[in-house]
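Right, one structure below, let's go through it.
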Amino acid sequence: MKKIIFSLAALCFFCIAVHAQTKQELAVANAVEQLRKAMVDADSAMLDKLVSPKLSYGHSGGHIDDKTEFIQKIVTGKSDFVTLELPEQTISVSKDLAIVRHKFNAVTNDSGKPGEVHLAVLLIWQKLHGDWKLLARQAIKLQ
């Protein structure tokens, strides 16, 4: 009986450990959260810190921003996020690259025009000099 209980306890511990995020996954999740907050707050300094100079930011409509255009749109209010939620997030890390997928639900006020956005997003993060930087993003509209 003790062996069965011990085996079940070990199995439960293993299942919990498998679902726990690694240290690197937690660091990427933190970077994603900092980006989300910086987008809502239109924080140009934090956006600059989190985004790679080589950024390729793909919108669901097909337009692609570089780093300068991405930050400028947010800071000027052309892209204004009133609220932004990123549910159903998954993170996979391989050496210095991370793939993040999530839903992207936002209430917007782009150039003073209220709206809502519901997307599926793929983010590619790269670890540079010890920090995770957003390298690429692509979004698609959800039906």
Within region 66-91, the count of residues that are open to solvent by 70 Å² or more (accessible area, probe 1.4 Å) and either among the β-branched types (Val, Ile, Thr) or free of Cβ contacts under 8 Å to residues at least 12 places away in the same chain (or both) comes to 7
Tell me, which strands (runs of 3 or more DSSP E) lie completely within region 91-143 with 2 or more residues that are within 17 Å of Lys73 (Cα to Cα) and under 11 Å from the mean Cα position of the chain (by Cα)?
131-141
Within region 44-65, residues being over 16 Å from the mean Cα position of the chain (by Cα) and over 14 Å from Lys133 (Cβ atoms) number 7
Taking region 46-60 on its own, how many of its residues are open to solvent by less than 80 Å² (accessible area, probe 1.4 Å) and in contact (Cβ under 8 Å) with a residue 24 or more places away in the chain?
10
Looking only at region 28-42, decide whether some residue is of a type outside the set (D, E, K, R), at pLDDT 95 or above and open to solvent by 50 Å² or more (accessible area, probe 1.4 Å).
yes
Go through (1) at pLDDT below 95; (2) touching an Asp or Glu at 6+ places or on another chain (Cβ under 8 Å) one by one and return the number of the condition Leu11 breaks.
(2)
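The values are calculated or read from the model by the stated rules, or taken from the named source; none is laboratory data. This structure is a prediction, so every number in the text was calculated from the model and none was measured. Using ideal geometry, Cβ is built from the backbone for each residue, glycine included, and neighbour counts are taken over all protein chains shown. Surface areas here come from the heavy atoms of the whole protein model, side chains and all, with no ligands, DNA or RNA. Shrake-Rupley method; radii C 1.70, N 1.55, O 1.52, S 1.80 Å.
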